[in-house]
1. Among the candidates K291, K302, single out the residue that is outside any strand (DSSP E or B) and more than 19 Å from K11 (Cα to Cα).
2. Answer yes if at least one residue in the range 263-276 is in a helix (DSSP H, G or I), closer than 22 Å to Y148 by Cβ, modelled with pLDDT of 95 or more and polar (S, T, N, Q), and no otherwise.
3. State which residue pairs qualify: first residue crowded, with 18+ Cβ neighbours inside 10 Å and inside the range 32-53, second residue among the aromatic types (F, W, Y) in any location, beta carbons under 8 Å apart, and separation of 6 or more residues or different chains.
4. With I195, I215 as the choices, which residue is under 17 Å from the mean Cα position of the chain (by Cα), of a type in the set (A, V, I, L, M) and either within 23 Å of F70 (Cα to Cα) or modelled with pLDDT under 95 (or both)?
5. Restricting the search to the range 222-246, which residues are touching a helix residue (DSSP H, G or I) at 6+ places or on another chain (Cβ under 7 Å), buried (at least 17 other Cβ atoms within 10 Å of the Cβ) and within 24 Å of F180 (Cα to Cα)?
6. Quick check on G91: is it of a type outside the set (A, V, I, L, M), within 21 Å of P142 (Cβ to Cβ) and within 18 Å of the chain's Cα centre (by Cα)?
7. Here is a list: K60, K83, K88. Which entry is closer than 24 Å to I196 by Cα and surrounded by fewer than 19 Cβ atoms within 10 Å (Cβ to Cβ)?
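The values are calculated or read from the model by the stated rules, or taken from the named source; none is laboratory data. Not measured: the values here are computed from a predicted model. Don't worry about glycine lacking a Cβ; one is built from the backbone with ideal geometry, like all the others, and counts go over all protein chains shown.
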Amino acid sequence: MSPIQEVIINKKTDLNPIWIMRQAGRYLPEFREIRANNPDFIKLCLNHKLSSEITLQPLKRYDFDAAIIFSDILMVPYGLNQKVEFKKNFGPLLGDLNLDNASSMQENNFTEKLKPVYKALEIVSNNNLTSNKSTIGFVGAPWTLMVYMINKQSPKLKLKKNFFDDELLIKKILLILEKFLKIHIKNQVDSGAQIIQIFDSWAGLLEEKDLPYYIYNPTLNLVKFIQSLNTPVICFPRNIKDYKKYCDFIKPDAICIDYEIDPLTIRKDIKIPIQGGMDPKILLTDKENIKKEAKRYLDIFKDHPYIFNLGHGVLPETDPGMMEYLVKTVKDY
């Protein structure tokens, strides 16, 4: 069992495993080299040779305890025939959603479209570099995916004015997403993913009264499904106001926290294993600061099952040498 599984499943507190969200990607020169020759991001995610190579790149450099598959949460809308493209310095742009098309999508057609993702997972999970490490698969939470599918771009600070107007549309999308997210999760687990992380990047956009319908119930259905596959699930409801209420309702195996939340409150309120927390911007400072901040999180959670991670993805301008220093600091703690 890998150190991360020991922490999540056996609630070990004497280990300090580390992996980093977006560890495979933009801050690594070897990734940028591949990216320069592959400008179409979706095509790159669907190139199993390259996506598996990218997934393993950080493990060749650093003593991380997990490989997270190089892919994207928007592969699900793409699998449902919604056009998805990534515009430089802008982010994702989605085409119009054809609801009839999406709801009549056959399971085998969806799986076939995303087959390279599963092939890449197989390659990664069978590689020597991952022998005592966890292979992590992931999905976007229903709410976050629906935001992209209706909004057709990143909502950044707010949703478009009439977002909630079409209740029937919302209900249908949530049903379609539940069905195909389960298929996508099962395919990842069957291909070697030992842990699934659910990213709810836009959880912070909702008011408290809307959480049960848009976040709690849809996410709970996925969490129960993943657990029925005997697979641990980590949830990351970024910028959610009340992590305790979220955990009490959804009962994931571990919870990933963002950098806006006070880790002392989390330690006091939450009993399940914790992941993450450190602000990615700390890696843009100096070694002294990195050591101080990393140690702060490790001290706070030293008697609690804890996986070191950031409170969001690693920033593209991060110096790979600073990442090396962070990993060493955590391992030497």
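1. Just a single option satisfies the conditions, and that option is K291.
2. no
3. What qualifies is C45/F70; S51/F70; S52/F70.
4. Within the list I195, I215, the selection yields I195.
5. Within the range 222-246, L222, V223, F225, I226, T231, P232, V233, C235, P237, R238 meet the criteria.
6. Yes; evaluated as a whole, the condition is true for this residue.
7. Answer to the check: K60.
Yes or no, residue by residue, for (1) crowded, with 21+ Cβ neighbours inside 10 Å; (2) β-branched (V, I, T); (3) more than 25 Å from W202 (Cβ to Cβ); (4) in contact (Cβ under 8 Å) with a residue 24 or more places away in the chain:
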| position | (1), (2), (3), (4) |
| --- | --- |
| D248 | no, no, no, no |
| Y259 | no, no, no, yes |
| D262 | no, no, no, no |
| K268 | no, no, yes, no |
| P273 | yes, no, no, yes |
| D279 | no, no, no, yes |
| E288 | no, no, yes, no |
| P305 | yes, no, yes, yes |
